[in-house]
Structure formats: structure tokens, C-alpha cells
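A short worksheet on the structure shown next.
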Amino acid sequence: MSLEMRNISYQIRGKKLVSEVNITVSSGELVGLVGPNGAGKSTALKLMSGELKPSFGDVSLEGTSLGSISPAELSLSRSVMAQSTNVVFDFSVEEIIKMGWVQGRLVSPELLPGAMNQVINECGVNLLLNRTFNSLSGGEQQRVQFARNLLQLWRPDSKRCMPRYLLLDEPTASLDLAHELLLLNLLKSAAQLNIGVLIVMHDLNLAARFLDKVVLMSQSRIVDIGPPAMVLTANQLSEVYRTKVIVEQNKKLDRLVIHT
Amino acid sequence: MRLDASRVPTNFVPNLPAARFIFLTVLLIFCALAGLGSGGVLIPLPDLLTGKATYLQEIVFLEIRSPRVFLAGFVGASLALAGTVLQGLFRNPLADPGLIGVSSGAAVGAIAMIVLGASLSIPAWLQPYTMPLAAITGAIGVTLLLYSFANYFGRFSIVTILLVGIAMNAIAAVIIGLLQYISDDAQLRTLVFWLMGSFGRAQWATSLPAVFVMVVASIYLIGQIRNLDYLQLGEAEAYFLGVDVPRAKRNMILWSAAAVGAGVALTGIIGFVGLVVPHLARLLLGSSHQVTLVGSALIGATLMILADLVARTVMIPEEIPVSLVTNAIGAPFFLWLIARASRV
């Protein structure tokens, strides 16, 4: 049960943005892409989502190549949150979130109100519901988009449904620290519901605290891949970010603390 | 934080502003009746039913007035619907059916027929259809050309379509200019009036096939509600939500061209309806395509019937081109929209 990219390269006008990358996201796993700007994290995520077609290699969902799955079918098992969304006409927040309900073929529409209610409460966007999307701040827009993504993957019985994957490109970029924590906790509970998560993130402390697996990228390649404690080492990070990085095990918090 | 019960959405289809739709429908029926009754020959509609109408009134009603109001309604609805679809597809509030080359393509076809038609020996029974057929051929030709160029140059990106559209319109303008230059005085007068649009040529024989095309195209376009709503989040997001984006774009452009081309072929070029009515619909009903598609069709039909009524009654027995009326109403309204948008 996995979403997998095997030996993927992507180049545009002769420049390689991603070289020979292998990433596997299994059901229930929280995987993060970290690395300096321009390392190829977002491109790797776009290749994983099917938005970009790889120049070489193949992305597969449960062993089936992404290219041979229709967009409609794909939308039932994977949801993608882009960095930011620009909506031209005035849509209400409620309308935007409801667009996530693509599972009409699988799930009775009578369950939509309950599902909406649940994601709206979980993401704390109750009070934004009747506002227009364009009147929200960047952070509020991200929370609304996140709620839409959760609705897309919502199922009445998460034990017995097809595998689901959630891909997010810097979903916490505009969030304040409380909402950042909320979002990562929600991702953790999503993983407990068997959803495989792939997230591009910059905050290494949160990466160390929440991720099951870290993919460290630099200059279009994967430098290291594995559990946070193995990958996020002072030597490796200092080399990749070209600046002195200190990694300590904080006894009181019982977690890694990374700072410069 | 508990959710207040009244806010809980009850269904995927939101509570449509039903009252407004009923109002718009009633308004459309009222305007259609006014359009049928008024004009150079006044026809009190109850008289037709009670048999008190004169023979002249009956003939005018059946053979002139009815096809005209009928055609005006469907052309207005198609232009407005195509405008809404293209604005949604391009995610641009300034998109208009003229942008994808339909109108200029139709104009090239129709004007070529006006200027060169006499030198072709066309059988008499085909005569009423030659202009519409030439216009439709032109509309489809230019749209296909635009489509294949845009596809070839820029993988069908929206910016490429806009730029290729500008080039296509310029090429069409050159051909039209050339035809104008070689035309004689009578032809020149005919083509100038064609370019200004009119429902004066409406007859059942040509209106019915055109309306059939418009209805089929409109049904297809109204079926695109979800795809259009998803596209508002961006093309990538629409794909993530299950839309086959290249296919949806191609089909929507071609069906919009069919809807507009079928109308323009009979009536000539009518400006501003496709641009302004979608804004009016959004203003009255909201932005979701669940309401704007049907809403703009209703408003477009109503406005076009009214514009035609004004065009043929403002200086009886003369008739002014309907495009003068739509432009006179549309342009100030458009300015008001710009002012309103920049106030925010």
C-alpha cells in the first residue's frame, strides 16, 4: 500500500530539477521533504501528485502507473494542497471547502453535512464560513484549503476504504505557531486513520518532532532518507545548508532541538 | 467552538436563491410577451386567442414577430452563457466570446458571402441558408485554427490562447477590410449592417436549426458546473479534484464557439452581452457556477429581447441595429462595474 516514485528525473530546458529520486509513502506514514531553497522539494511533490510528468522514471499508486489512472479516479485516493491559491471571483469559504467533496460516487451525500461539520471544527474555520475566500488573510486561506483537502479524503469508515494519500507543499508557510501545531497534529491523526502523508516543510524542529521519515534533499538529489534522528544530524545539515547547525537532544522535552 | 445549526450545510446543492430565479423567469416571460405584442404593428395578445385579431396581425405575429423574439431570446442566452463559461475557464472577468475568434470568424464567412456570393451560382432554395452556413463555417474554422495554434505553441495555456486570439482577430480584420475594399456600394451597406447585428432577418426556416445547435451547446455547457467551479481554484487544483483539464478546456471552448457561432451566423455581431451579463448574474446570484450559468442564460435572453424591442420601436417605422442598443446599455454598465471593483 504505497505511493511511490522510482528513479525519477525531471528536467526543463536541459536543467535537471530532480535527479534520480526514489521516495515511498506508505499508508499511515508521515513523510517530510526538507532541504534548502531550490533543492527540488516542490518539484518532487508535483511529480508525486501527477501535476508534472517525469522526464524519466515512473510514479505509481498501489503499483499502477499514475499516467494510466484517470484524474477522477486519482482524486478519490489522493489530495494535494498547493502553496497558495488565487481565486478570481468571490466564492464563500463554505463553497471552497465543499469543493473537496469529490467522493459522491463512493459515499452517500447524506454524510456530507456531518463530514463538513467535522473538518470545519477540526480546522477551526467555523467563524470564517460565511466570509468570502478573497477577504481572508494568507494564513486563514491556508487553513480553509487544508479543510478542503481533509474533506476530500474524508470517509465514513477509514478502516475499510481504499488507501488515501495527502500531499502538502509548505502548508504551514503563513500559519501562526498555534495553527502550525494544530495542522501538524491533524496530519498525525490523519496518518493514524491510515492516510499516507507527504509534506514539504522548512521547520526542522517540527520535522524532527512529527515525521516518521525525513527525506533530505539538496541540489535536485536526495542526500539522505530515514527516521529524523538518523537524517537530521549536525554534520549533514551543516553541509546541506552551508551554515553551522547545532543538533541537541533536549532531555526535558525528550526531543531533538535544532538551531543555528 | 460549536457550529451553529443554521450554518450546517444540508446538501451538496446549496439552497439556490430560488426566489431570484423565479423572479428572473417571470421577468423573461413578461419581456417576451411585451416583445411579441409591441412593434410597428401593435398586437394585443388576448385578441389572438379570442379570434378578434386581424389577418395582418396574425401573419405578423406568426411569421415575423415570433421567430424574431424566439431567436433574440436564444441568441442572448447563448452569448451570455458562453461569456460566463469563458470567463470561468480563463479565470478572467474580461473574457468574452469575441476573444476566441468566433465572432470575427463568423464575420469573415458572412462578409465573404455578401461580397462574393453573387458570383457563385447558388440554387434558390439554398439562398436563405448561404449566409448562416458561411458564417458558421468561418466561426468554426477560426476557432479550430486558434485551438490548434494554442495547442501547438503553448500546450494550450490560457495566455497563449489570448495572444493567438488577438492575432486571429487581426488576420480576420485584414480579410474583412480587403472584402470591404472590393465590395460595391450596395454590398458595403449590407455588410456594414450585418456587422452591427440585427434580428430583422429572423425566419423560422433558419432560426430553428440555429436554435437547435444553441440548445445542444447550452445543455453541454450547463453540465460543466462542477468542472468550472473546480477550475476557479486553478488548473492544477482542478486536476487534483478529478477534472481532466485539457479535455474540459477543449470541449468548453468548442461548444462555446458552437453556441455563439450559430447565433452570430444569423444575427451578425452583437457586442457586450457576453461580457456584461455574466457580471450581472454574479452580482445578483453569487459566483458559483451552480447559479451563474442558468442565471446568465435567463438574464441574457431577457436583455436581448428587450434590446431588440428597443431597436425596432425607438424610431418606428425605421429600425436601428440591435448592437447599438446593447453597446449603449453595456458600455456604461461596464464602466460602473470597473468603478465598483476599484472602490473595494
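Nothing in this text is a laboratory measurement; each read-out follows from the coordinates by a stated rule. Everything numeric here is computed off the predicted structure, so don't read it as measured data. Don't worry about glycine lacking a Cβ; one is built from the backbone with ideal geometry, like all the others, and counts go over all protein chains shown.
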Given Cβ charges of +1 for Lys and Arg and -1 for Asp and Glu, the option among A:174, A:66, A:81 whose Cα lies farthest towards the positive end of the dipole of segment A:2-259 is A:66
Looking only at lysines whose Cα falls under 17 Å of residue A:159's and that sit 8 or more positions away or on another chain, we get A:188
Computed, not fitted: 222 nm per-residue ellipticity of chain B from DSSP H runs ≥ 4 (each -39500 (n - 2.57)), nearest 500, equal to -24500 deg cm²/dmol
Yeah, the protein assembly as shown with a ≥ b ≥ c from its alpha-carbon gyration tensor (a/c under 1.5 is rounded, else prolate when a/b outruns b/c, oblate otherwise) is prolate
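Other chains' Cβ within 10 Å of B:229-239 residues: what's the mean? Write out the running numbers ahead of the final one.
Values: counts 6, 3, 0, 10, 10, 6, 1, 8, 9, 3, 7.
The mean count of partner-chain Cβ atoms within 10 Å per residue comes to 6.
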Between residue A:166 and residues 5 or more places away or on another chain, the pairs with built amide H atoms under 5 Å apart involve A:79, A:196, A:197, A:198
Taking A:213, B:52 and counting other beta carbon atoms within 10 angstrom, the fewest-first order is B:52, A:213
Gyration tensor on Cα atoms of segment B:46-195, a ≥ b ≥ c root eigenvalues, a/c under 1.5 rounded, else prolate if a/b beats b/c, else oblate, says oblate
Cα-based Rg/(2.2 N^0.38 Å) for segment A:42-186, rounded to two decimals, is 1.07
Between the alpha carbon centres of segment B:277-344 and segment A:1-41 the gap in Å comes to 51
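So, R0 is 56 Å and r is the distance between the beta-carbons of residue B:167 and residue A:159; what FRET efficiency does that work out to, to 0.05?
Numbers: r = 57 Å, r/R0 = 1.02.
The calculated FRET efficiency here is 0.45.
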Share (percent) of C-alpha pair distances in segment B:279-344 greater than 20 Å works out to 42
Scoring only Lys, Arg, Asp and Glu (+1, +1, -1, -1) among other residues with Cβ under 15 Å from the Cβ of residue B:47 yields +1
Length-normalised contact order of chain B, Cα under 8 Å, at least 6 apart, in percent, tallies to 30
Checked against the positive end of the charge dipole of the protein assembly as shown (+1 on Cβ of Lys and Arg, -1 on Cβ of Asp and Glu, about the Cα centre), the farthest of B:245, B:162, B:195 is B:245
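What's the local net charge at residue A:173, with K and R +1, D and E -1, over the other residues with C-beta under 14 Å away? Provide the component values of the computation, followed by the final result.
Details: positive: A:41, A:143; negative: A:140, A:169, A:170, A:176, A:180, A:203.
So the surrounding residues net to -4.
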To the nearest 20 debye, chain B has a Cα-centred charge dipole, built from +1 on Lys and Arg Cβ and -1 on Asp and Glu Cβ, of 780
Taking a crude spin-label model, label points 7 Å out from Cα along the C-beta direction, the residue B:63 to residue A:65 distance in nm is 6.6
For the protein assembly as shown, whose charge dipole is built from +1 on Lys and Arg Cβ atoms and -1 on Asp and Glu Cβ atoms, the candidate among B:31, A:7, B:322 with its Cα farthest towards the positive end is A:7
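Looking only at other chains, what is the average number of their beta-carbon atoms within 10 angstrom of each beta-carbon in A:119-129? Each step should come with its number before you reach the end.
Numbers: counts 0, 5, 3, 0, 0, 1, 1, 5, 3, 0, 5.
Mean partner-chain Cβ count within 10 Å for A:119-129: 2.
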Proxy exposure order for B:204, A:154 (fewest C-beta within 10 Å first) is B:204, A:154
As straight-line cross-link partners of residue A:41, the qualifying lysines (C-alpha separation under 19 Å, not fewer than 8 residues apart within one chain) are A:15, A:16, A:53, A:213
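Mind putting a number on the dipole of the protein assembly as shown about its Cα centre? Charges go on the C-beta only, +1 for Lys and Arg and -1 for Asp and Glu, and I need it in Debye to the nearest 20. Each step should come with its number before you reach the end.
On the way: 44 positive and 38 negative charges, 167 e Å.
Magnitude of the dipole: close to 800 debye.
Excluding residue A:140 itself, calculate the net charge of residues whose Cβ lies under 12 Å from the Cβ of residue A:140, where each Lys or Arg counts +1 and each Asp or Glu counts -1. Can you show the working numbers first?
Numbers: positive: A:131, A:143; negative: A:176.
Cβ neighbours under 12 Å give a net charge of +1.
Take every DSSP beta bridge whose two residues both sit in segment A:69-213, then give the antiparallel share in percent to the nearest 5. Please list the in-between numbers first.
Numbers: 1 of 11 bridges.
Of all bridge pairs located within segment A:69-213, approximately 10 percent are antiparallel.
With both partners inside chain A, how many of the DSSP beta bridges are antiparallel, as a percent to the nearest 5? Intermediate values should be presented prior to the final figure.
Details: 26 of 44 bridges.
DSSP beta bridges in chain A are roughly 60 percent antiparallel.
Assigning unit charges at the beta carbon (Lys, Arg +1; Asp, Glu -1) and nothing else, what dipole magnitude in debye, to the nearest 20, does segment A:123-237 show about its Cα centre? Walk me through the numbers on the way to the answer.
Working: 11 positive and 9 negative charges, 97 e Å.
Its charge dipole is roughly 460 debye.
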Using alpha carbon centers only, segment B:159-190 is separated from segment A:243-260 by a whole-angstrom value of 70
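Using a ≥ b ≥ c from the Cα gyration tensor of chain B (square roots of the eigenvalues), is it rounded, prolate or oblate, where a/c under 1.5 gives rounded and otherwise the larger of a/b and b/c decides, a/b for prolate? Present the calculation step by step, with values, prior to reporting the outcome.
Working: a/c = 2.00, a/b = 1.20, b/c = 1.67.
Oblate, since a/c reaches 1.5 and b/c is not below a/b.
If we count other beta carbons within 10 Å of each Cβ, what is the order of A:60, A:84, fewest first?
Working: A:60 17, A:84 14.
Starting with the residue having the fewest Cβ neighbours, the order is A:84, A:60.
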The distance between the Cα centres of segment B:83-112 and segment A:51-128, in whole Å, is 32
Averaged over the residues of A:80-88, the number of partner chain Cβ atoms within 10 Å of each residue's own Cβ comes to 4
Among the DSSP H helices of chain B, those whose Cα atoms extend at least 24 Å along the helix axis and whose mean Kyte-Doolittle hydropathy is 1.6 or higher are B:18-37, B:158-182, B:204-222
What helix-only [θ] at 222 nm does chain A give? Using -39500 (n - 2.57) per DSSP H run of at least 4, over all residues, to the nearest 500, the answer is -9000 deg cm²/dmol
